Every structure is written in structure tokens, then in C-alpha cells.
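Below: the structure, in C-alpha cells.
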Amino acid sequence: MTMLHAARVDLRVIGEPRLLAGLDQGRVDRQRHLWTHGAQPDLTREAYTHLAEAVGLRGRGGAAFPVALKLADLPAKGIEAVVVNGSESEPVSRKDRLLLTLAPHLILDGATGLARALGAPHVLVAVHDPAAATSVREAIMERDDGLAIEVSDTPGRFVAGEARAVLSALEGGPAVPPGRRILPTRKGYHQSPTFLSNVETFAQLAVLARLGSRGFSSTGLISEPGTQLLTIDGAVQRPGVIETPTGVPLEAVLKFAGAEPGPVLLGGYHGRWLPRTNALTLQRPDVSAGIILALGSDTCPLGEVHRVAQWLASQSAGQCGPCVFGLASLVDDFDRLVKGDPAGWHDAHRHLGLVPGRGACAHPDGSARFLASALEVFGEDVRLHLAGGGCGRHVKGVLPVPGGAA
Amino acid sequence: MNKLEIDWTRCDGHGLCATLLPDDVVLDEWGFPVLRGREITVGELPHARRAVLACPALALRLNAPAKRD
């Protein structure tokens, strides 16, 4: 175990540090990066596909799509760009901006290595955190890849982090998801085939290229070996980013971070409340982008959920009717439910059925998943609130909401 | 594989689709279409195409979307 302190985010490691290796003295420059990790080997496209398949590598942005399948979906020729999605729009997540800020060369190794293997002339890094953007720009000056690497600032809104919204922003368009469901692997950057993935995915690729499938598989699950980055926050003594082997028990991570007993949200504000925390191991797809939020036991759970619902509604891009009207209705439903109105509970259930699958992106789906799991897991609190007296606890704001919604 | 789909970024809830294709589209409480999601048979295709052309927002479409993010 090591403990590091940088960029106001604590870093910790359970087991062997890979992505966080060498970060104990802050940002890793080119020289220190090479000293820690060694040089990036030049691999072919076939080698990357084979490696990604052998270790079952999945995208680390939340959707957990297998990297090997994404590579296989690209055409043989004419791949225009490799895009590093560093917009990290989930409000609690810190892992991506932390990697961009402290280990930019690892990410650039992963992205440029893959771009060369794919014959893609452009590498684009979409970032919305100014410190992260500066670090990546400095890193580009420190190295010579013979590729056009560009850093673009994207807006921080929740749905702006969606893959196709990022592509639209990179082309100078609005940072909102387009209405047609077109895959970036077919029509991405400037309508050309594009490989886009999350920041951590590229760091994992850089580690994988060096270690090979056998070395990469020396830790973690057999089905999905290696390590993962988690962000833990809420009612915990030691919030921050943790690198762990895949498949680590949730209980171990909660204990490690000093979490208070109480409900746990896995996967961020598009994730779910867990009915119990024991006997659960952290792996994709459930762990999503690696966000763990401990609620503790002295705040009103439904009131906390209502605050987050307000924020989720405010983050709709405003393009799709069911998302705009549905999320606004759900905010109102939860408000009435918290105040003890049974009609609020009934309306919430009906509206939760009308939101998923009815938008250009997964924002309505994820928001509904979060709210539906709250109604399930906080059944006892629902009963207390509907009985008229509330649950006897105030809303303390344990769940972070950007801008601090009312 | 012919299915109706909606470009939600375009749909303004005019509701013509629910009138023209009552077996496949109903409207929710906000006036936006809820699709039944079944396959459109070959015999129904001409009528479904007419409904697609009638959508004032050009939001109603026919065909199988690629699934994945």
C-alpha cells in the first residue's frame, strides 16, 4: 500500500500499482515515465487486437464495451483518428483527470501506439479540466511521436462526455449527442472511422503493450485480469482514487477508505444503489466507470436522491422530450414522496417506465436506473416518509452535486 | 428487419404518428410517441412509409438502428 497526495485528490493502491506507478512525487515527466515504465513497444494492429482479446480488456468509461470488438469493428483502411475521451463528466469521478494530470505520457503512449498500429494520422485528446489539459499539452512538447496530437477543451456538462457528443465538440459542433445512433468506429471524427475510448482504457493499453497478456494477467480476475481505477467519495474518511486488482471485494475497498456503514451507490449517478455490500466483487460492467459512493447512516436517503435527481434533470441536453419532461416530472415525484404524498410514489413508478430508451443518449436510461434502484433499496425509508413523519434525518448533502443544487 | 425508430432530438411531439399508426405508436402523457417495437411486415410497409413522410419534424424513421455506444 502506498499513499500519495496530488492535485487535491488522494491516490492509494491495493496490491501492485500499474497505472499509478511512479506517481508518488507528483506529475511524471517523460524521463521519469520512461524510467518507471520503459519504452512503449511498437505493436501491430493484430497484436493489439490479440492482446485486448486475450485479457478481455473492456472500455473504462462506463459502458465496458470489449476493446477487441471495437478494434474488430474498424475497417481495414482509412482510420482517421484515435480519440481519448477525457471529458469525465460524471461529477464524482476523478480517475481520468488524475491520470491526465499526473501520468500524461502513459495515456499518450497508449493512444499514439494504437494510432500508429491503426495507421490513424490524428490523435485527439478531449479534456475539460484545465490542469489536465495543461499537463497533456506539456507532455506533447516533451515527446516526438510523428503524429498530429491535439488537445481540445470540451464543456463539462454530464451528457457532453458521451462519445458522440465529444466527437461533435471536437469538430466544432455543439457538445450534444446526435439523434442518429451511428458508431464512431464507422462514422466518427469528420465522418471517418475513429477509435474512441476513455482515458483509463488507453493507460491500460500502454501497460498491456509492455507487459504482454501473461504479465498483464498476473493480478485480478481470470475473466478480466489486471487492475482498475476506482473513485470513492461520500461518507468516507479517505476519499480519492484507488488502483486495485479487478474483482476486489467491495467490502475491502470500503474498509480501506474508511467508509461509514450504510447504503452504497455503485457506478455513479447513472449507477445503482446496492441492496447489500457483502459478497460483491468489483468488476465491469457493474462497476461502470469505477465510482463508489458511501451514504453513511445519518442523512435522509430519499432527500439525497431528490437532490441528485434535480441535478440529473438540469444536465439534460434538452434535446429529447421524454428526457426533458420525464426527468422534470421525476424530480417533482420525488419531492412529493419525500414530503409523504403517496401520489408522488405512484407517479414516480409510472414515470420511471416512460423514460428509459427514449433519448439520443443514455442519460434518461442511467438516471432512471439510479432512481429506480433508490426506490427499491430505500423501501423502508419510503414507507416511513409515506407514513407522514419522514425518516427523522436531515439531508446533509453527502452525495456531491456540482453547483450545490437546492 | 423493418422497425420504426424515432430521432428523439427532432421529435417535438406533434403526434401524427400515433394517429396514422395506432397499432404501433401511442402517446405518453407529455404527447411523445411510445413505440410498440414490433417489426413492420412487408404488407404494412407502404403505409408505414407514408407515416414516416408525414412526420412534420422528420423524426419518425424506418429501419434497424446499429446498437452500441
Test: residue in the range A:173-190 that is among the aliphatic types (A, V, I, L, M) and closer than 23 Å to A:L229 by Cβ: no
Some residue of the range B:38-52 being within 11 Å of chain A (Cβ to nearest Cβ) and either under 19 Å from A:R181 (Cα atoms) or under 11 Å from the mean Cα position of the chain (by Cα) (or both): no
Residue match in the range A:212-223 (condition: more than 30 Å from B:I6 (Cα to Cα), touching a residue at least 40 places away in the same chain (Cβ under 8 Å), of a type in the set (G, A, S) and touching a strand residue (DSSP E or B) at 6+ places or on another chain (Cβ under 6 Å)): yes
The range A:298-327, residues that are among the small types (G, A, S) and within 17 Å of A:L375 (Cα to Cα): A:G303, A:A309, A:G326
Count - residues of the range A:60-84 that are within 10 Å of the chain's Cα centre (by Cα) and either crowded, with 24+ Cβ neighbours inside 10 Å or within 21 Å of A:A133 (Cα to Cα) (or both): 3
Residues that are in a helix (DSSP H, G or I) and either surrounded by fewer than 14 Cβ atoms within 10 Å (Cβ to Cβ) or in contact (Cβ under 8 Å) with a residue 40 or more places away in the chain (or both), drawn from the range B:14-46: B:L16, B:C17, B:T19, B:V42, B:G43, B:L45, B:P46
Count of residues meeting criterion [within 11 Å of chain B (Cβ to nearest Cβ) and part of a helix (DSSP H, G or I)] in the range A:62-81: 3
Lone unmet requirement of (1) away from chain B (no Cβ under 14 Å); (2) over 30 Å from A:A163 (Cβ atoms); (3) in a helix (DSSP H, G or I) for A:R393: (3)
Total residues in the range A:171-206, condition surrounded by fewer than 24 Cβ atoms within 10 Å (Cβ to Cβ), in contact with a Leu (Cβ under 7 Å, 6 or more places away or on another chain) and away from chain B (no Cβ under 14 Å): 1
Output for the range A:144-161, where each listed residue is modelled with pLDDT under 95, outside any helix (DSSP H, G or I) and in contact with a helix residue (DSSP H, G or I) (Cβ under 8 Å, 6 or more places away or on another chain): A:D145, A:L147, A:S152, A:D153, A:T154, A:P155
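The values are calculated or read from the model by the stated rules, or taken from the named source; none is laboratory data. Predicted, not measured: the structure shown is a model, and the values here were computed from it. Methodologically, a virtual Cβ is constructed for each residue, glycine included, from the backbone with ideal geometry; neighbour enumeration extends over all protein chains shown.
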